[in-house]
Amino acid sequence: MSLAAVIREAGVVGAGGAGFPTHVKIGSEVEYVIANGAECEPLMHKDGELMAHCAERVVAGMQAVMEATGAQKGVIGIKEKNREAIDALSRYARRAEVALHILGDFYPAGDEFVLVYEVTGRLIPPGGIPLQIGAVVLNVETLHNIALALDGTPVTHKFVTVAGAVRRPVSCAVPIGISFGELIELAGGATVDAPAIMDGGAMMGRLTRNLGDCITKTTGGLIVLPGDHSLASRLERPAAVQHRIGKSACDQCTYCTELCPRYLLGYAIEPHKVMRGLVFSMSGSEFWNRWGMLCCECGLCTLYACPEDLYPREACQQSKRVARENQVSWTSALAEETPGMTATVQAHPMYESRRIPLIQIVRRLGLAAYDHPAPFDRMDVAPLRVQLALKQHAGAPARAAVAVGDRVRAGDCVADVPTDALGARIHASIGGRVRQIDPLIVIEAG
Ligand code: SF4
Ligand code: SF4
């Protein structure tokens with residue numbers, strides 16, 4: 001069976017957050033396979049801990065993808081601060097002719113466009129993908145899951161970090177489908193009442209207060225915060241209020257643009273111009289909005305750069321939504337017809353000197369009191385019930401392949417996608433009886 005078929009059977013998707021089905025991603029010949037171990041969300045440690053404790057598997061997954069894609073170069077992007085992981089990976093990487101690319105502790109080092117530039121010196125075309133410059137980028141946990149798939153083990157568990165206002169910050173592998181509430185208990189429980197939870201990280205994560213939400217194949221971890229933490233208050237401000245404040249308070253200082261990592265790589269993104277769409281009561285917004293189309297939503301402008309605490313990221317998100325609705329996508333022709341814009345990409349002379357150290361972001365977000373290690377714990381987690389979302393990946397939702405009342409074993413396929421559709425299989429993360437199949441698959445142990 002081909003590697004792509006093995007990966008498809010095992011339900012492997014991008015574990016770094018995007019959830020793109022991996023069997024599709026490795027279907028072309030490339031020069032580089034790049035492992036993304038540049039974890040850069042504040043307080044998150046799960047990739048560092050995974051590389052330190054499962055280095056052999058990460059390298060084995062890398063080798064398998066290099067063989068399948070004919071890549072001559074395999075490079076793992078990892079931050080210098082992760083010494084234990086660097087030592088562990090070095091033991092296996094040398095033998096496998098895989099190189100380590102050591103990165104500084106800046107944000108967002110893990111952005112695909114940034115990482116590819118750091119490793120290869122090449123810039124992905126605007127709105128493009130790494131394949132266009134001969135590279136495929138996979139998160140280190142995805143490579144770990146590929147190695148497991150080759151041993152016949154499908155994706156049933158997720159590496160996560162639980163940090164913030166918890167008694168014992170921890171990184172661990174847990175069955176997919178356990179609730180946020182259970183996960184927080186594994187970290188000794190929250191130290192605050194009625195916490196706000198950042199699902200996936202403080203910068204790019206989603207804010208929730210629902211302890212019943214469940215872990216999926218793309219959950220990176222949880223940051224638990226006091227319910228009235230300033231980050232939660234900022235993110236919960238309604239869109240209409242964000243819009244109103246932006247309209248009256250944006251002084252066009254351009255700090256959001258000057259610190260934008262995609263702008264510094266040379267892409268035609270200038271969030272302060274998108275903000276003009278608000279300032280000028282939407283007049284010219286068709287043109288202003290184009291300056292937000294290449295935004296990667298890293299949050300640096302909203303959560304770090306803007307001195308007025310405005311929402312340039314959210315303005316860019318809105319501009320992308322409008323573009324999608326109007327079926328407008330990025331092209332060179334669009335750039336050429338937009339006043340002041342060019343399709344040419346060249347890194348800004350200040351690219352290196354304006355990279356933002358992670359520690360500064362931690363302080364700016366009011367997270368310094370929670371900035372602790374979250375060491376790996378090989379705990380055995382045996383939940384009584386899991387809830388498996390049918391859409392944990394890019395593409396079409398999976399369809400249940402079991403019925404209510406069926407008995408399943410851990411690792412059985414419980415939902416599938418047609419062979420010609422983009423998507424990924426889902427497997428039971430515990431053994432037990434199926435209690436529900438719509439809108440989620442619920443399995444109760446026993
Ligand atoms: S940094 Fe804030 S105030 Fe300055 S241009 Fe950007 S959105 Fe406006
Ligand atoms: S979120 Fe802001 S800083 Fe990040 S890419 Fe978008 S515009 Fe640039």
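The values are calculated or read from the model by the stated rules, or taken from the named source; none is laboratory data. What you are looking at is a predicted structure, and each value in this text was computed from that prediction instead of being measured. Cβ coordinates were reconstructed from backbone atoms using ideal geometry, including for glycine residues, and neighbour counts include every protein chain displayed.
Please tell me if Arg237 is within 16 Å of ligand 1 (Cβ to nearest atom) and of a type in the set (Lys, Arg). So Arg237 fits the description; yes. Test Tyr304 against the criterion of being surrounded by fewer than 22 Cβ atoms within 10 Å (Cβ to Cβ), modelled with pLDDT of 95 or more, part of a helix (DSSP H, G or I) and of a type in the set (Ser, Thr, Tyr), and give yes or no. Yes: the conditions hold for Tyr304.
Residue by residue, here is whether (1) of a type outside the set (Ser, Thr, Tyr); (2) over 21 Å from Leu115 (Cα atoms); (3) over 21 Å from the mean Cα position of the chain (by Cα); (4) not in a helix (DSSP H, G or I) holds:
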residue: Val328; (1), (2), (3), (4): yes, yes, yes, yes
residue: Leu334; (1), (2), (3), (4): yes, yes, yes, no
residue: Gly340; (1), (2), (3), (4): yes, yes, yes, yes
residue: Met350; (1), (2), (3), (4): yes, no, yes, yes
residue: Arg354; (1), (2), (3), (4): yes, no, yes, yes
residue: Arg363; (1), (2), (3), (4): yes, yes, yes, no
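Number of residues in the stretch 70-88 that are under 18 Å from Tyr32 (Cα atoms) and in contact with a helix residue (DSSP H, G or I) (Cβ under 9 Å, 6 or more places away or on another chain): the value is 8.
Can you tell me which residue within the stretch 271-301, out of those that are of a type in the set (Gly, Ala, Ser) and part of a loop (DSSP other than H, G, I, E, B), is nearest to ligand 2 (Cβ to nearest atom)? Checking each candidate, the answer is Gly299. Is there a residue being touching a helix residue (DSSP H, G or I) at 6+ places or on another chain (Cβ under 7 Å), within 14 Å of Val381 (Cα to Cα) and not aromatic (Phe, Trp, Tyr) anywhere in the stretch 204-224? Yes, there is a match, as at least one residue in the stretch 204-224 is touching a helix residue (DSSP H, G or I) at 6+ places or on another chain (Cβ under 7 Å), within 14 Å of Val381 (Cα to Cα) and not aromatic (Phe, Trp, Tyr). For the stretch 216-262, a residue qualifies if it is touching a Cys at 6+ places or on another chain (Cβ under 9 Å) and outside any loop (DSSP other than H, G, I, E, B), and the qualifying residues are Tyr255, Cys256, Thr257, Pro261, Arg262. In the stretch 316-325, the count of residues that are assigned to a loop (DSSP other than H, G, I, E, B), in contact (Cβ under 8 Å) with a residue 12 or more places away in the chain and within 17 Å of Glu270 (Cβ to Cβ) is zero. In the stretch 355-375, the residues that are at positive phi reach residues that are assigned to a helix (DSSP H, G or I) and surrounded by fewer than 14 Cβ atoms within 10 Å (Cβ to Cβ) with C-beta atoms within less than 8 angstrom, at least six apart or across chains, in these pairs: Gly366/Ser230. Pick from the stretch 224-270 the residues that are out of contact with any strand residue (DSSP E or B) (no Cβ under 9 Å at 6 or more places or on another chain) and β-branched (Val, Ile, Thr): which of them is farthest from ligand 2 (Cβ to nearest atom)? Selected residue: Val241.
Every condition in (1) assigned to a strand (DSSP E or B); (2) in contact with a Lys or Arg (Cβ under 9 Å, 6 or more places away or on another chain) holds for Ala424 except the one numbered (1).
Within the stretch 405-446, the residues that satisfy the criterion of being among the small types (Gly, Ala, Ser) and at pLDDT below 95 are Ala421, Gly446.
Being under 19 Å from Gly110 (Cα atoms) and surrounded by fewer than 16 Cβ atoms within 10 Å (Cβ to Cβ) holds for only one residue in Arg167, Arg244, Arg206, and it is Arg206. Within the stretch 119-151, if we keep just the residues that are surrounded by fewer than 20 Cβ atoms within 10 Å (Cβ to Cβ) and free of Cβ contacts under 8 Å to residues at least 60 places away in the same chain, the residue that is nearest to Ala99 (Cα to Cα) turns out to be Gly121. Taking the criterion of being touching a strand residue (DSSP E or B) at 6+ places or on another chain (Cβ under 7 Å) and free of Cβ contacts under 8 Å to residues at least 60 places away in the same chain, would at least one residue in the stretch 280-287 satisfy it? No, every residue in the stretch 280-287 fails to be touching a strand residue (DSSP E or B) at 6+ places or on another chain (Cβ under 7 Å) and free of Cβ contacts under 8 Å to residues at least 60 places away in the same chain. The residues in the stretch 299-319 that are more than 11 Å from ligand 1 (Cβ to nearest atom), under 21 Å from Cys40 (Cα atoms) and in contact with a helix residue (DSSP H, G or I) (Cβ under 6 Å, 6 or more places away or on another chain) can be counted, and the count is 1. When Gln72 is tested against (1) polar (S, T, N, Q); (2) touching a strand residue (DSSP E or B) at 6+ places or on another chain (Cβ under 7 Å); (3) touching a residue at least 40 places away in the same chain (Cβ under 8 Å), only condition (2) is not met.
Per the listing Ile215, Ile245, the residue uniquely among the hydrophobic types (A, V, I, L, M, F, W, C) and under 24 Å from the mean Cα position of the chain (by Cα) is Ile215.
Restricting attention to the stretch 102-125 and to residues that are within 13 Å of ligand 2 (Cβ to nearest atom) and out of contact with any strand residue (DSSP E or B) (no Cβ under 8 Å at 6 or more places or on another chain), the residue that is nearest to Lys81 (Cα to Cα) turns out to be Pro108.
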